[in-house]
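Structure first, then comments.
The values are calculated or read from the model by the stated rules, or taken from the named source; none is laboratory data. Being a predicted model, the structure only gives us computed values, none of them experimental. Please note: Cβ atoms are built from the backbone with ideal geometry, for glycine as well, and neighbour counts cover all protein chains shown.
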Amino acid sequence: MQTILGANGQIGEELARELKRNFTSDIRIVSREAKKVNDTDEAFSADLSAREKAVEAVKGSERAYFTLGLPISSDLWEQQFPLILRNVIEACKINGTKLVFFDNTYMYPQDNRLLTEETIFDPIGRKGKVRQEMAEMVLKEMQSGELEAVICRAPEFYGPGKTQSITNTLIFNNIKEGKKLKVPLSDNKKRSLIWTPDASRATALIGNAPDAFGQTWHLPVDKSHPTYKQFIALAADIYGKELKYSVVPKFVFKIGARFNQRVKELQELLPRYEHDNVFDDTKFRKRFPEFKVTSYKQGIEQIKNGQSAVQK
């Protein structure tokens, strides 16, 4: 059995589909209010902040995928994320289960340097420090040899369905609503965005490759690393219409943070929009050369088609 912990977000749902498609029909879906993704799934509702529930959720699993997300709240992250991960690690050790930890880049430096699996952790804000703590928990277990685990790390998302990200919010949601697009801080810095179904497909591949464990892997991205200016120009071509946008300066976000909690929570991520933010996936491409990465053109076309279907 393979178990997905936090399975009803975009990554977890896509992961369940991919596991069913290519690896196994014996899948357990775990979340607070678990719902099957595939007809053959087992749904298991559990609060993983309770240790005994985590042990029960993982029981009988060969692999457990940690794809759990929490609302963007520093207080909540500090209170819940390390506790839940600690419980999951203990549950995996008790049950002899391999852990596949889906990670983000919040703990990385937010400057011009190329991001590789060897990049040091140098977080700016509270959420980045939480993600550093979590990654280091998994790394410590790997190094001790007490837990067979692997880290799958993804940069900022863009994608279909329930995908949540700054790019989806400021670009694609605004296209859908006929509003002027917004770009944070700069439109001429290179960016790496990952197509959410690619992130899930790659995580399934790594999770089912025995030789991948005991390591950190950067998940694959389109290597063109466009600026927002180039990305919006590509979207305008695909949508077949002019897409006007404005660059939102830092002081506007600072003012907005006084009145909007979500904007306040995003403050610590803003520095990465002032610099090139390029994510290197060379290691993955060498190990899994057959993996086909979704191009930005293909991804934007799918978002457009999905929006059109919803509007009909």
(request) Read through the list (1) in a helix (DSSP H, G or I); (2) over 27 Å from Lys264 (Cβ atoms), then give the number of the only condition that Ile84 fails. (result) (2)
(request) Determine which member of the set Lys98, Lys162, Lys129 is over 16 Å from Leu5 (Cβ atoms), at pLDDT 95 or above and either touching a strand residue (DSSP E or B) at 6+ places or on another chain (Cβ under 8 Å) or of a type in the set (D, E, K, R) (or both). (result) Lys129
(request) Would you confirm whether any residue within the stretch 137-150 is part of a loop (DSSP other than H, G, I, E, B), buried (at least 19 other Cβ atoms within 10 Å of the Cβ) and not hydroxyl-bearing (Ser, Thr, Tyr)? (result) yes
(request) Inspect the stretch 61-75 for any residue being among the polar types (S, T, N, Q), assigned to a loop (DSSP other than H, G, I, E, B) and under 28 Å from Val263 (Cα atoms) and give the result as yes or no. (result) yes
(request) Scan the stretch 231-282 residue by residue and report those that are surrounded by fewer than 16 Cβ atoms within 10 Å (Cβ to Cβ), of a type in the set (D, E, K, R) and farther than 20 Å from Ile303 by Cβ. (result) Lys250, Lys254, Arg258, Arg262, Glu274
(message) Looking at Ala16 and the list (1) within 21 Å of Ser165 (Cβ to Cβ); (2) surrounded by fewer than 16 Cβ atoms within 10 Å (Cβ to Cβ), which single condition is not satisfied?
(response) (2)
(request) Please tell me if Lys179 is under 30 Å from Ala91 (Cβ atoms), not assigned by TED's automatic domain parsing to the domain that holds Gln79 and not in a helix (DSSP H, G or I). (result) no
(request) For Asn188, work out the one condition from (1) over 24 Å from Asn8 (Cα atoms); (2) in contact (Cβ under 8 Å) with a residue 60 or more places away in the chain it doesn't fulfil. (result) (2)
(request) Go over the candidates Ser25, Ser61, Ser45 one by one and state the one that is out of contact with any His (no Cβ under 9 Å at 6 or more places or on another chain), touching a residue at least 40 places away in the same chain (Cβ under 8 Å), on the phi < 0 side of the Ramachandran plot and of a type in the set (Ser, Thr, Tyr). (result) Ser61
(request) Would you mind finding the one in Thr67, Thr116 that is within 24 Å of Thr196 (Cα to Cα), surrounded by fewer than 16 Cβ atoms within 10 Å (Cβ to Cβ) and either more than 19 Å from the chain's Cα centre (by Cα) or touching a residue at least 40 places away in the same chain (Cβ under 8 Å) (or both)? (result) Thr116
(request) Collect the residues in the stretch 12-51 that are within 22 Å of Phe157 (Cα to Cα) and either outside the structural domain of Phe81 (by TED's automatic domain parsing) or in a loop (DSSP other than H, G, I, E, B) (or both), keeping them in residue-number order. (result) Val37
